[in-house]
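What follows is a single structure, written as structure tokens, with notes after it.
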Amino acid sequence: MRRDHPAEPTHRIYCPKRFSVKRISGNRIRATLLAGIFLAAGALAQTPRPTAASGAQRTSGDSVGPYNKQIVDPVAADRGRHLYATECVECHGPTARGTDTAPNLVRSNVVMHDRTGSELGPFMKKGHPLQSKTSSAALTAEQLSDLSHFLKQRVDDALKRQPMGDHINIITGDAAAGKAYFEGAGKCTGCHSLTGNLAGIGSRFAEPVDLQQAILFPTGRGRGGRGPSTAPVMLTVTQPGGQPMKGELVFLDDFNGQLRDSAGKLHTFTRTPTTKVEKTDPLAEHHALLDRLTDKNVHDLVMYLETVK
Amino acid sequence: MNRPRNAASALSLLLLLASAIYAQPPMPTDSWPTYNGDFSGRRFSPLAKINATNIKSLTLSWAWRLNASGGSSSNIRSTPLMMDGVIYLSTEDNAFAVDARTGREIWHYVWASSGGRHNGNKGMAMFGNFLYFETGDCHLVSLGKDDGKLRWSKTICDLDQFYFASVAPVVVGNHVIAGVSGDDTDVGGYLESHDPETGELQWRFYTVPQKKGDAGSETWPNEDMSSHGGGMTWVPITYDPDLKLIYVTTGNPQPVIAYANRKGDNLYTCSLVALNADTGKMAWAFQTSPHDTHDWDSTQTAVLFDGEISGQPRKLVAQAARNGKFFVLDRVTGKAIVSTEFVKTNWSLGFDAKGQPIPDPAKNPSLAGTLVSPNSGGSTNWFPPTFSPATGLFYVNASRNYGEFYLYDATDNPQGWAGNSQGSWSENMLEALDYKTGKVKWSHKWEGGASYGLLSTAGNLIFTGAPGGSIEALNATTGDPLWHARLPSGVSNSPVTWELDGTQYLLVGGGDTLYAFAMLAK
């Protein structure tokens, strides 16, 4: 399935636009693609470049043993990028993910199994069309290694679970509708004020997506694990015949609990079916909001609050 | 007459009644020979020496700490096996035999790994004097049961394509059934059968069509997408020996979050598939998450039990899926009997005529973010549920949660994940579902996340890990918490039980330590 498909214009995301080889002349393609590939590389350079090994070690500590994958050499990959643009890109496309005329190299077993030319070499020796019409068997060991590093870099791109390159622009909403929701159905003004606790909210986050995450998940388990500071969950515990004990929730399970009183003292209690445990979560309204928010509400709110600088 | 005896006789009566209605053979009580204790996936033990009345006397008999290189090798995710008084346990790249009466180590085998993802080995299979387990670097390994010596190893997947292996194999008849894992790049899933003696490959079933014209290929745009379409098999299969059918549950399609280049239902990803055990040929399939775009692997255990629907005895299979839906099917035909939700979700527009959910396209991931319940972790996950024929209830540790799903690659040819779910809010509970309706009979709310496997017993008990680091027992009928013991590293695997020399033991792994609790009072 290969169709031209206009990239959505409002998003500053890494979206190499597909192109038709038939429509543009060869020289122009090469110039455009070379620029495109460089652009992509520039964008990617903003985030730490993963190596093949680090791609696999995405979750720290979940890979062990003598890992024999090829570590991408960025300098060699850069040389490989030039070679790719000169000899391969017209058929295999700017991201090496294939076109109507040639297969996806990111999924190629030759590329996956290759180590600095170990598989590409024998493959090219057999003869493979190149853009320059020269013999693929004449590619040197260094050229094959460079090409291998470039293609492994493309595999790394596919391994990433983060946005590639530029940050996503998630501001797509309607500020007026966001304001209406903030002041109306959202009931946000019950706790928040744009001149009080949300003063300058639109400038507080590195990225709009962080603001969006803070609206949705204010306990801070979102991006980067940082959320706005929030008041603690409070407990009121009453044992049968006893006085209520109040404090900040430290620990609670089916059999025990622990709270910290206003003087900072820890109290541990036994929890039985007759123990009355009341929890007051200052974010309860935020959690309840998740059941009511539409995606339009979310995008409108982000747009509106982004304007509060 | 004291009360425990009363309770015990009431329980035996309950069991007697249960066994009259349910024709399935009960799990053995003097061993734990497969990942789920038997082939059914019920994780229900007919043992009742430890029961809802006397459980407060349950006490620690021994604890054994494994000695491995750390990381996932030192974290017991797997379910141990037990036979003839010896426990067989695997962690990533390690296998152990431990005396079940004393907790003394008998042997320790270490596999020299060449890499791959190590995210938690789930256990071993046993056949006569042989053991089988998978390794992160794509091997199926067989050891001698008595000496822990390597017999053979077979490569079952390609590390270079970012596959890895972690599932517990299951031996059915003359077949070692082994699944594979991996969703870093776009590769196709499959299930393999190996000869238990020689390790030779007997058959391979691809969960996604390898070529145009293969079953399910009409639900993919082309052969390139379908053959790289995911559908990993990383949770142990269940098996009906009478029907000779294997029930395998399959993972998410690839690319995981982005979907522009895989229009269609993407069969047989996110599906429950019945296969002939001898040939690996598909008997039927039911897709629990058509065209998934949220990483909701449907790799939750397919639990086999016999029940009664509208007064008729039926052979059933049930699954509480990661996408929040609960299904009960006829396991002979694959026809749906119950299709419902076990937690509230916001991503579907009801069920189609086959009982499969209809995804709401408005809840697909988007560049600006889409608020979806559940998040990519799902409403439940790999950890095993349990079904008690004594209560007729299906139990699952469930989560109602939200995530914001972002698309990272808006081209028409995304690869890998190309998106993700970020942030989370959740409420978590142990649910007991009536299998005839899927209705929640009781729900016990947890004070935190509860990614724990379950065990039910004829003692009217449910055992589970609990937030806060405890192994906990609840009343299977009411959900009331009855007993707990806090472990230093919390619970990391699914509890199991057996009887040795007249004593019923409860075994649970917590980090690098296996704990054996026992009802020592007679």
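The values are calculated or read from the model by the stated rules, or taken from the named source; none is laboratory data. Since we're looking at a predicted model, the values are computed, not measured. Every residue, glycine as well, gets a Cβ built from its backbone with ideal geometry; the counts of neighbours run over all protein chains shown.
Taking A:Gly247, is it small (Gly, Ala, Ser), within 25 Å of B:Thr478 (Cβ to Cβ), modelled with pLDDT of 95 or more and not in a loop (DSSP other than H, G, I, E, B)? Let's see the steps before the verdict.
On the way: small (Gly, Ala, Ser): yes; within 25 Å of B:Thr478 (Cβ to Cβ): no; modelled with pLDDT of 95 or more: yes; not in a loop (DSSP other than H, G, I, E, B): yes.
It is false that A:Gly247 is small (Gly, Ala, Ser), within 25 Å of B:Thr478 (Cβ to Cβ), modelled with pLDDT of 95 or more and not in a loop (DSSP other than H, G, I, E, B).
For segment B:256-307, taking the residues that are over 19 Å from B:Thr233 (Cβ atoms) and of a type in the set (S, T, N, Q), the one that is surrounded by the fewest Cβ atoms within 10 Å (Cβ to Cβ) is identified as B:Asn261.
When segment B:19-38 is filtered for residues that are at pLDDT 95 or above and touching a Ser or Thr at 6+ places or on another chain (Cβ under 6 Å), only B:Tyr35 remains. Screening A:Asp254, A:Asp261 for residues that are among the acidic types (Asp, Glu) and more than 11 Å from chain B (Cβ to nearest Cβ) leaves exactly one candidate, A:Asp261.
Could we say that B:Leu482 is modelled with pLDDT under 95 and closer than 17 Å to B:Ser57 by Cβ here? It is false that B:Leu482 is modelled with pLDDT under 95 and closer than 17 Å to B:Ser57 by Cβ. What residue, among those in segment A:265-290 that are of a type in the set (D, E, K, R) and surrounded by 15 or more Cβ atoms within 10 Å (Cβ to Cβ), is nearest to A:Phe217 (Cα to Cα)? This residue is A:Asp281. Looking only at residues of segment B:362-398 that are away from chain A (no Cβ under 14 Å) and surrounded by fewer than 24 Cβ atoms within 10 Å (Cβ to Cβ), we find that the one that is nearest to A:Thr294 (Cα to Cα) is B:Asn381. Residue-level check: of (1) under 27 Å from B:Thr345 (Cα atoms); (2) away from chain A (no Cβ under 11 Å), B:Trp446 misses just (2).
Is it fair to say B:Leu191 is under 30 Å from B:Gln415 (Cα atoms) and buried (at least 22 other Cβ atoms within 10 Å of the Cβ)? Spell out how you get there, then give the answer.
Numbers: under 30 Å from B:Gln415 (Cα atoms): yes; buried (at least 22 other Cβ atoms within 10 Å of the Cβ): yes.
In short, yes.
Filtering segment B:189-197 for residues that are free of Cβ contacts under 8 Å to residues at least 60 places away in the same chain, out of contact with any Phe, Trp or Tyr (no Cβ under 7 Å at 6 or more places or on another chain) and small (Gly, Ala, Ser) leaves an empty set.
Just checking, how many residues over segment B:441-466 are surrounded by fewer than 22 Cβ atoms within 10 Å (Cβ to Cβ) and assigned to a loop (DSSP other than H, G, I, E, B)? Reasoning before the result, please.
First, pick out the residues of segment B:441-466 that are surrounded by fewer than 22 Cβ atoms within 10 Å (Cβ to Cβ): B:441-443, B:445, B:447-449, B:451.
Applying the additional criterion that residues be assigned to a loop (DSSP other than H, G, I, E, B) yields B:447-449, B:451.
Going through segment B:441-466 one residue at a time, the tally reaches 4.
In this structure, is A:Met303 farther than 21 Å from B:Phe405 by Cα and modelled with pLDDT of 95 or more? So A:Met303 fails the test.
Taking B:Thr233, is it under 26 Å from B:Asn346 (Cβ atoms) and either assigned to a strand (DSSP E or B) or in contact (Cβ under 8 Å) with a residue 12 or more places away in the chain (or both)? Outline the logic, then answer.
Details: under 26 Å from B:Asn346 (Cβ atoms): no; either assigned to a strand (DSSP E or B) or in contact (Cβ under 8 Å) with a residue 12 or more places away in the chain (or both): yes.
No; evaluated as a whole, the condition is false for this residue.
Do we find that B:Leu430 is outside any loop (DSSP other than H, G, I, E, B) and farther than 16 Å from B:Phe326 by Cα in this structure? No. Based on this model, can you work out whether B:Pro359 counts as surrounded by 24 or more Cβ atoms within 10 Å (Cβ to Cβ) and in contact (Cβ under 8 Å) with a residue 40 or more places away in the chain? Judged against the criteria, B:Pro359 is not a match. Scan (1) more than 25 Å from the chain's Cα centre (by Cα); (2) assigned to a strand (DSSP E or B); (3) more than 7 Å from every other protein chain (Cβ to nearest Cβ) for the single condition B:Glu404 breaks and write down its number. All conditions are met except number (3). Looking at (1) in contact with a strand residue (DSSP E or B) (Cβ under 6 Å, 6 or more places away or on another chain); (2) farther than 21 Å from B:Trp382 by Cβ, which is the one condition that is false for B:Ser492? Every condition holds for B:Ser492 apart from (2).
Which of (1) within 14 Å of chain B (Cβ to nearest Cβ); (2) modelled with pLDDT under 90 does A:Asp114 not meet, given it meets every other one? In the conditions (1) within 14 Å of chain B (Cβ to nearest Cβ); (2) modelled with pLDDT under 90, A:Asp114 misses (2) alone.
Evaluated against (1) more than 17 Å from B:Trp62 (Cβ to Cβ); (2) in a strand (DSSP E or B), B:Trp498 falls short on exactly one condition, (1).
The selection criterion, being in a strand (DSSP E or B) and either within 14 Å of another protein chain (Cβ to nearest Cβ) or in contact with a strand residue (DSSP E or B) (Cβ under 8 Å, 6 or more places away or on another chain) (or both), does not hold for B:Val343.
In summary, helices (runs of 4 or more DSSP H) completely within segment A:99-195 and bearing 2 or more residues that are of a type in the set (Phe, Trp, Tyr) and out of contact with any strand residue (DSSP E or B) (no Cβ under 7 Å at 6 or more places or on another chain) occur at A:175-183.
Counting only residues that are in a helix (DSSP H, G or I), without any contact (Cβ under 8 Å) to a residue 60 or more places away in the chain and among the aliphatic types (A, V, I, L, M), segment A:271-309 holds 2 of them.
If you go through segment A:211-222 one residue at a time, do you hit one that is away from chain B (no Cβ under 14 Å) and either modelled with pLDDT of 95 or more or surrounded by fewer than 19 Cβ atoms within 10 Å (Cβ to Cβ) (or both)?
Restricting attention to segment A:211-222, the residues satisfying the condition of being away from chain B (no Cβ under 14 Å) are none.
No: zero hits.
Restricting attention to segment B:58-106, the residues that are modelled with pLDDT of 95 or more, among the hydroxyl-bearing types (Ser, Thr, Tyr) and either more than 25 Å from the chain's Cα centre (by Cα) or in a strand (DSSP E or B) (or both) total 7.
Restricting B:Lys145, B:Lys149 to residues that are charged (D, E, K, R), over 25 Å from B:Asp186 (Cα atoms) and touching a Leu at 6+ places or on another chain (Cβ under 6 Å) narrows the list to B:Lys145.
Scanning segment B:198-228 for residues that are in contact (Cβ under 8 Å) with a residue 24 or more places away in the chain, within 13 Å of chain A (Cβ to nearest Cβ) and in a loop (DSSP other than H, G, I, E, B) turns up B:Trp220, B:Pro221, B:His228.
For segment B:129-140, the criterion of being over 21 Å from the mean Cα position of the chain (by Cα) and on the phi > 0 side of the Ramachandran plot is met by no residue.
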